[in-house]
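What follows is a set of notes on a single structure, which appears directly below.
The values are calculated or read from the model by the stated rules, or taken from the named source; none is laboratory data. A quick note: this is a predicted structure, and the numbers were derived from the prediction, not measured. Using ideal geometry, Cβ is built from the backbone for each residue, glycine included, and neighbour counts are taken over all protein chains shown.
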Amino acid sequence: MIITESRGVQFRGHPRSRAAQFAALLQDFYEDLLEQGVPERLAALVRQMPEHRDSPADDRRIALVVESDDDARGLAAALLEETELGVIECTDAERALDILQHKGERVAFVFADEALAGPHDGRDLARSVATLWPHVHVVLTTSDLRRTEDLPDGVRALRKPWRGLDVLLEAERAVAAAS
């Protein structure tokens with residue numbers, strides 16, 4: 001399921017169950033029927049369906065994928081969707097910081113590329129996250145591991161091209177640290 005938020009950020013969440021998806025579909029159908037007039041028995045049945053939440057407002061922790069390359073960002077998000085984390089994607093450090101300001105207490109993992117679009121790069125983002133949200137597990141992807149000595153304590157560097165298993169292991173570490 002993909003839910004688009006304002007300013008082009010996408011929230012991707014692995015649906016908890018097909019029943020939740022079906023409940024949401026029924027809820028939408030019910031709202032349409034109300035506009036046209038609906039038999040009360042059907043309305044009563046639909047009202048019994050559990051509430052469906054479409055936004056990252058559920059209680060899952062969040063993985064924030066910050067990557068300007070669409071393919072790399074999509075691949076990382078697809079991998080992280082298989083974890084227990086909800087996934088939010090963005091393309092630059094400024095938007096990532098905006099998301100962290102609003103959802104920082106729920107963000108458990110930031111997976112960012114060193115080279116980002118905009119005035120701030122992934123290193124700037126990693127420093128900001130390490131300072132302002134020290135509980136967040138940060139992984140910075142880079143093509144040159146020799147340039148990682150100036151990263152803040154706790155920020156991990158991952159060589160590009162990265163392997164999916166490495167991303168999943170880092171997500172697992174983030175979840176364990178957040179628990």
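Residues in region 114-135 that are touching a helix residue (DSSP H, G or I) at 6+ places or on another chain (Cβ under 6 Å) and touching a residue at least 40 places away in the same chain (Cβ under 8 Å): 116, 125.
Note down all Cβ pairs under 9 Å where the first residue falls in region 86-113 and is closer than 8 Å to residue 62 by Cα, the second is of a type in the set (Ser, Thr, Tyr) and outside any strand (DSSP E or B), and they're at least six residues apart or on different chains. Every condition considered, the pairs that remain are 109/83.
Kindly indicate whether residue 88 is of a type outside the set (Gly, Ala, Ser), in contact with a Phe, Trp or Tyr (Cβ under 6 Å, 6 or more places away or on another chain) and more than 21 Å from residue 143 (Cβ to Cβ). So residue 88 passes the test.
Would you confirm whether or not region 150-167 contains a residue that is touching a helix residue (DSSP H, G or I) at 6+ places or on another chain (Cβ under 9 Å), in a helix (DSSP H, G or I) and over 18 Å from residue 63 (Cβ atoms)? Scanning region 150-167 turns up no residue that is touching a helix residue (DSSP H, G or I) at 6+ places or on another chain (Cβ under 9 Å), in a helix (DSSP H, G or I) and over 18 Å from residue 63 (Cβ atoms). Checking 73, 60 one by one, the residue that is under 21 Å from residue 160 (Cα atoms) and either in contact with a strand residue (DSSP E or B) (Cβ under 7 Å, 6 or more places away or on another chain) or at pLDDT 95 or above (or both) is 73 and no other. Here the condition is being over 21 Å from the mean Cα position of the chain (by Cα) and more than 14 Å from residue 67 (Cα to Cα); of 170, 149, it holds for 149 alone.
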